[in-house]
Structure formats: C-alpha cells, structure tokens
Amino acid sequence: MKKFEYTINDPVGIHARPAGLLAKKAKTMGSTVTIATADGRSAAASKLMALMGLGVKQGDTISVLIEGDGEEDDAAAMEQFFKDNL
C-alpha cells in the first residue's frame with residue numbers, strides 16, 4: 001500500500017468538476033484509490049457522489065491510499081493528478 005497526504009489548493013475544494021476528473025482517473029488505474037479526511041471519513045476515489053459527500057474544502061489535508069497491482073506507478077500518477085488539478 002502506498003499513501004501520501006495532500007492539502008487541497010482549489011478555491012472550492014473537491015467539487016463537481018475535479019471530483020469527476022478524479023473519479024475518471026481512478027477508474028483507469030489497476031489499484032484501488034481511497035481518499036480519507038482528517039476526521040476519519042473515506043471514499044473510493046472512483047465514486048463521484050461519495051467524493052463530493054466528503055465535503056473537502058480548500059486548505060483541508062487529505063490522505064490518498066493506493067493499494068493493488070501497479071501501486072507504485074499509480075501513486076505517482078495520482079500525486080501528479082492532485083498537483084495539476086486540486
């Protein structure tokens with residue numbers, strides 16, 4: 001399992017557009033990607049409504065867990081996705 005933390009920079013957090021992009025990206029990976037908030041809530045990154053339900057705002061730090069086949073490559077790709085989009 002690979003894990004990294006990321007502080008959200010997007011002014012409106014994980015809202016519809018970036019959540020949709022994140023879910024689409026997660027579905028292309030061989031690994032399972034899970035987003036966890038500081039208060040212990042989590043959601044599969046491939047589930048759009050679950051991601052939006054986390055209510056992640058700008059300045060929140062989340063944990064991203066990547067588990068499964070190709071987790072090294074998937075973790076690097078997901079970290080770059082967050083830098084580029086959130």
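The number of residues in the stretch 62-76 being in contact (Cβ under 8 Å) with a residue 12 or more places away in the chain, surrounded by fewer than 16 Cβ atoms within 10 Å (Cβ to Cβ) and over 15 Å from LYS27 (Cα atoms) comes to 2.
When each of THR37, THR28, THR32 is tested for being in contact with a Gly (Cβ under 6 Å, 6 or more places away or on another chain) and either at pLDDT 90 or above or of a type in the set (Val, Ile, Thr) (or both), the lone residue that passes is THR32.
Residues in the stretch 25-37 that are touching a residue at least 40 places away in the same chain (Cβ under 8 Å) and part of a helix (DSSP H, G or I): LYS25, ALA26.
Could you say whether any residue in the stretch 38-47 is part of a strand (DSSP E or B) and among the hydrophobic types (A, V, I, L, M, F, W, C)? So far as the stretch 38-47 goes, yes, one or more of its residues are part of a strand (DSSP E or B) and among the hydrophobic types (A, V, I, L, M, F, W, C). Here VAL12 meets the list (1) farther than 14 Å from ASN85 by Cβ; (2) out of contact with any helix residue (DSSP H, G or I) (no Cβ under 7 Å at 6 or more places or on another chain) almost entirely, failing just condition (1).
The residues of the stretch 55-77 that are within 13 Å of PRO18 (Cα to Cα) and either under 11 Å from the mean Cα position of the chain (by Cα) or of a type in the set (A, V, I, L, M) (or both) amount to a single one, VAL56.
When SER31 is tested against (1) under 12 Å from the mean Cα position of the chain (by Cα); (2) under 13 Å from MET78 (Cβ atoms); (3) of a type in the set (Gly, Ala, Ser), just one condition goes unmet, and that condition is (1).
Out of all the residues in the stretch 50-61, is one or more over 14 Å from PHE81 (Cα atoms), part of a helix (DSSP H, G or I) and free of Cβ contacts under 8 Å to residues at least 12 places away in the same chain? Yes: one or more hits. From the list GLU5, GLU72, which residue is charged (D, E, K, R) and either assigned to a strand (DSSP E or B) or in contact with a His (Cβ under 9 Å, 6 or more places away or on another chain) (or both)? Sole residue among the options that is charged (D, E, K, R) and either assigned to a strand (DSSP E or B) or in contact with a His (Cβ under 9 Å, 6 or more places away or on another chain) (or both): GLU5.
The values are calculated or read from the model by the stated rules, or taken from the named source; none is laboratory data. Here the structure is a predicted model, which means the values were calculated and not measured. In this analysis, Cβ positions are derived from the backbone assuming ideal geometry, glycine residues included, and neighbour counts consider all displayed protein chains.
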